[in-house]
């Protein structure tokens, strides 16, 4: 289905009228603020919009209908794992016992959530092959920072202050080098081998006593399993460095490969990718971090512990002085983690294996359909894992139509575009990841749409290069938005209704 | 053919010398690669630059690139128009889109840069 | 499998098209030595049973006590319309708006969020949000260092201990220096940031200061001398960073009014449920001059080729996917759904509703102070507060535990939360909001009186 019909909306400020709204909160007593010194009080009330409930709800319902969403259709976004967001999980997170619990409540009042978090950690350990998992990070990138800071603490604890380089393949996600910088390290980027895997020799050439860690995504950002990983991990450990695995592509290996068993020292997990927690338009996610024995002492504090009598508690302040400390307030995004827990228990061992099997099957099927059409280049012909790259490089040479144009034309076909121009190492790349929850009919329709667009590019390229045509808005002036940024609405309609006081 | 009255670097900067002052900018090829330029970060007047040092940053919607000094010198002026109109870099990279003017510390450095023909060859091979 | 669509026939057809004999063939690239050991997890749980398990876990939490606990996360009333909107799948199952043409809902809602918070903060620019108040504060401190090209930040000891701890962790990585500003020990200003000490710290020419960070209200609920602190910071060439609580900004002077260059804070009080710690909403805003240093996503207004007004992520060249190792921050997400939740809550209440929420909390806090005073339990500090303060209770930790059995969650035991501050060793940090009832207050005072034998 396509996102047509719904109309653009005025801003909430343009809907505001003085005196609209109210009736939600009783009026405060007149002298409520009498004891607050005048210099601390606001001189004028904030110019927030005034709306009654019907205007408010229509605004947000109409706006929502301008959005594409997993609930409306297919997102073949490589590296994002846009699988189904189960409705049970929304119900679970909203249970008042979970939603209403204060993060600083004494452990005795929080036994339900503490138990859930503890069990979740055990499950994630089993899936990842890691010894322990911190549930504190609020996002994958946050988990990366946590992981690299633990690596840094590990080296410093051994008196080694000279390790300030992180080595990544040139196909790495931008967060990897950005994380290294935040942790005070320099990034060294190594070219990928022609077969799409890591070039171990090139890695060896830059590994040394200055290396803190490597950061590797496995399967790679090209959707290929790193078959030379054993050799690489050996080379890394041989120079005394540690191995970080970016877990973005975990959906491809559940039950098939456990990073901790294979020798990775640390990894992050994206619950909003592999474990179905919803993307919410850009967040919230959660980025639990798993560690092997080397990094156990450095995990963020506080961890959730289980006592001998079966009760759960948080680590006390100062209980584990080797910890790198806190990366955020309170214990973690428990609301997101409840959803991940529900997902993991729904699936169990056999369910998770099936998730990976079907994700890889679907990706290979889609790749075979597209390859058979000859419409796009497939740079890596062998079996892929859960995602693969198709390229419009030849199409661009023949017709002038680029990957960007194909992506925009897909919107007219009622599909969200795949990930485009990533990884940076492949020209005119489309990274396509169907996930395991899309039907074969959807996969076929998507392949058909891609082929149709390639044919249209030859016959009528203008229609493709000026797409989308049926979305609520057409192509945007992004240069203008950046040159003259308008980041804030100024000027309410009329004045605020005066305060009754 | 790129303007012959100036020299070029492998990083797609150009430098044109007028007496003791050299004007620096980026080439049309570079501007095309970047796409619509939205912001140019330039150094303060008075800053001393060594050859190949980073003197600023040019941003487009989807990319960002460091700017490297083609020659050593002291920054004498920067193009104030680029603050309001960064698109000048796309529209007129060789004249109105100039970026900085520097004093020429070593004229020999200029001579060792690519001439128009050599630069044309470089971008043809890219 | 729970949500999977594939029948055996589907799988067979896919394998045939691929030309593989079995699914296992598709995993032949995993070397035998690296194949995973068996997944030792419980079997799949049907929804009926899992729902019961989840309910059982939720029921083991106790949320029924009369609670006076704040300390950075506050319980506020959320009108029914808010969650009804948030339950729409077009909001919570949408992805990051990288294809803006089909994401105008998300993009406009973020623009409106930026505008609403800008108005609350009275600052020019607000990012699309950060993870939480602590991470936002740490990023604000890093921003100050980048903008001034200095390497030292001063943070008041009255800023939330979790925020200070987070700043320390972020600073450890970057090699920058974080120093604490002490608090006034005695007298009417006890517990507030010591301005004389701040001035002395700023005077060290060998270690120029990039930013000065104070919270308003402070962790102890006290109102701080923000204008004076800002003046001292600016006189020394440092930026002034205010850590704020957004509901209080309905009635308190905002950062823009007292000269803050950057504001950070926790957006959870804007109707977001407590959820045992998150997901929350990191607020981060700044003056126009600093916009290019602001980490995180920004949504701006533009037009499409037909001239229609539209919204798009902009100034992306600041971010990690473009700058990579040169990015100011590695942040890749924002808390979009929470920003929406906060916006809807603010729009539902309006400026008068927000003011009432803050003012009722203040009124209840006055009632609480009086009720406790009547049984001989006084505030530890004398300074002005809005709706949170510290009470002095001998043997506070033990009393707090016994009050739980009497159905009262008497705030936060400060001896545990800030063990390195002996002045609050007998302190309980208590707060009141519009959800605090007179009955709650009577119960608290009564239970405490019984415990203290009064």
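A few notes on this one:
- Residues of region B:65-77 satisfying the condition of being surrounded by fewer than 21 Cβ atoms within 10 Å (Cβ to Cβ) and assigned to a strand (DSSP E or B): B:65, B:66, B:68, B:74, B:76, B:77
- From C:71, C:51, C:94, C:80, residue being within 24 Å of the chain's Cα centre (by Cα) and under 24 Å from residue A:117 (Cβ atoms): C:71
- Residue count for region C:36-61, restricted to those that are more than 7 Å from chain A (Cβ to nearest Cβ) and under 30 Å from residue A:218 (Cα atoms): 1
- Within region A:346-399, the set of residues being within 13 Å of chain C (Cβ to nearest Cβ) and part of a strand (DSSP E or B) comprises A:388 only.
- Helices (runs of 4 or more DSSP H) enclosed by region C:1-120 - at least 2 residues per element that are modelled with pLDDT of 95 or more and closer than 25 Å to residue A:99 by Cβ: C:47-59, C:80-86, C:89-92
- Evaluation of residue C:272 against (1) more than 8 Å from every other protein chain (Cβ to nearest Cβ); (2) over 25 Å from residue B:61 (Cβ atoms); (3) part of a helix (DSSP H, G or I) (one fails), failing number: (3)
- Considering region A:158-180, and only residues there that are in contact with a strand residue (DSSP E or B) (Cβ under 7 Å, 6 or more places away or on another chain) and not in a loop (DSSP other than H, G, I, E, B), the residue that is farthest from residue A:427 (Cα to Cα) turns out to be A:165.
- Selection of region B:4-31 for residues being farther than 15 Å from residue B:125 by Cα, touching a helix residue (DSSP H, G or I) at 6+ places or on another chain (Cβ under 7 Å) and in a loop (DSSP other than H, G, I, E, B) yields only B:4.
- Of all residues in region A:425-455, those satisfying the criterion of being closer than 21 Å to residue A:172 by Cα and outside any loop (DSSP other than H, G, I, E, B) are A:429, A:430, A:431, A:432.
- With respect to the stated conditions, residue A:177 fails to be facing another protein chain (nearest Cβ under 9 Å) and either within 30 Å of residue A:349 (Cβ to Cβ) or in contact (Cβ under 8 Å) with a residue 40 or more places away in the chain (or both).
- Qualifying residue in region C:22-29 (condition: within 7 Å of another protein chain (Cβ to nearest Cβ) and more than 45 Å from the chain's Cα centre (by Cα)): yes
- Elements of type helices (runs of 4 or more DSSP H) in region A:24-107, at least 2 residues being more than 7 Å from chain C (Cβ to nearest Cβ), at pLDDT 95 or above and surrounded by fewer than 17 Cβ atoms within 10 Å (Cβ to Cβ): A:53-64, A:87-93
- Taken together, the residues in region B:67-87 that are in contact (Cβ under 8 Å) with a residue 24 or more places away in the chain and farther than 22 Å from residue C:313 by Cα amount to 14.
- Test: residue C:327 is more than 7 Å from every other protein chain (Cβ to nearest Cβ) and either modelled with pLDDT under 95 or more than 20 Å from residue A:285 (Cα to Cα) (or both): no
- Considered as a group, the residues in region C:396-414 that are facing chain A (nearest Cβ under 10 Å) and not in a helix (DSSP H, G or I) include one that is farthest from residue C:441 (Cα to Cα), and that residue is C:413.
- Any hit, region C:118-135, residues being free of Cβ contacts under 8 Å to residues at least 12 places away in the same chain and surrounded by 24 or more Cβ atoms within 10 Å (Cβ to Cβ): yes
- Residue check for residue C:130: more than 7 Å from chain A (Cβ to nearest Cβ), under 30 Å from residue C:402 (Cβ atoms) and touching a helix residue (DSSP H, G or I) at 6+ places or on another chain (Cβ under 8 Å): no
- Test: residue A:320 is part of a strand (DSSP E or B) and either more than 12 Å from chain C (Cβ to nearest Cβ) or surrounded by fewer than 23 Cβ atoms within 10 Å (Cβ to Cβ) (or both): no
- Qualifying position, being surrounded by fewer than 22 Cβ atoms within 10 Å (Cβ to Cβ) and on the phi > 0 side of the Ramachandran plot, among B:108, B:46, B:80: B:46
- Counting the residues of region A:198-242 that are under 21 Å from residue A:79 (Cα atoms) and under 23 Å from the mean Cα position of the chain (by Cα) gives 13.
- Selected residue (only one of A:280, A:285 is buried (at least 24 other Cβ atoms within 10 Å of the Cβ) and without any contact (Cβ under 8 Å) to a residue 12 or more places away in the chain): A:280
- Residue A:422 being assigned to a loop (DSSP other than H, G, I, E, B), within 26 Å of residue A:253 (Cβ to Cβ) and touching a residue at least 40 places away in the same chain (Cβ under 8 Å): yes
- Considering A:241, A:213, A:235, the condition of being in contact with a helix residue (DSSP H, G or I) (Cβ under 6 Å, 6 or more places away or on another chain) and surrounded by 22 or more Cβ atoms within 10 Å (Cβ to Cβ) is satisfied by A:213 alone.
- Of the residues making up region C:429-454, those that are more than 27 Å from residue C:78 (Cβ to Cβ) and in contact (Cβ under 8 Å) with a residue 24 or more places away in the chain are C:445, C:447, C:448, C:449, C:450, C:451, C:452, C:454.
- Tally, over region A:108-123, of residues that are assigned to a helix (DSSP H, G or I), crowded, with 19+ Cβ neighbours inside 10 Å and within 7 Å of another protein chain (Cβ to nearest Cβ): 6
- When residue A:329 is tested against (1) touching a strand residue (DSSP E or B) at 6+ places or on another chain (Cβ under 9 Å); (2) in a loop (DSSP other than H, G, I, E, B); (3) not assigned by TED's automatic domain parsing to the domain that holds residue A:136, just one condition goes unmet, and that condition is (3).
- Scan region A:181-233 for residues that are assigned to a loop (DSSP other than H, G, I, E, B), more than 9 Å from chain C (Cβ to nearest Cβ) and farther than 22 Å from residue A:381 by Cβ and the total you get is 4.
- Scanning region C:302-318 for residues that are without any contact (Cβ under 8 Å) to a residue 24 or more places away in the chain and in a loop (DSSP other than H, G, I, E, B) gives C:305, C:306, C:307, C:308, C:314.
- Per-region count, region A:400-420, residues surrounded by fewer than 22 Cβ atoms within 10 Å (Cβ to Cβ) and out of contact with any helix residue (DSSP H, G or I) (no Cβ under 7 Å at 6 or more places or on another chain): 3
The values are calculated or read from the model by the stated rules, or taken from the named source; none is laboratory data. Keep in mind it's a predicted model, so treat the numbers as computed, not measured. Every residue, glycine among them, receives a Cβ derived from its backbone with ideal geometry; neighbour counts consider all protein chains shown.
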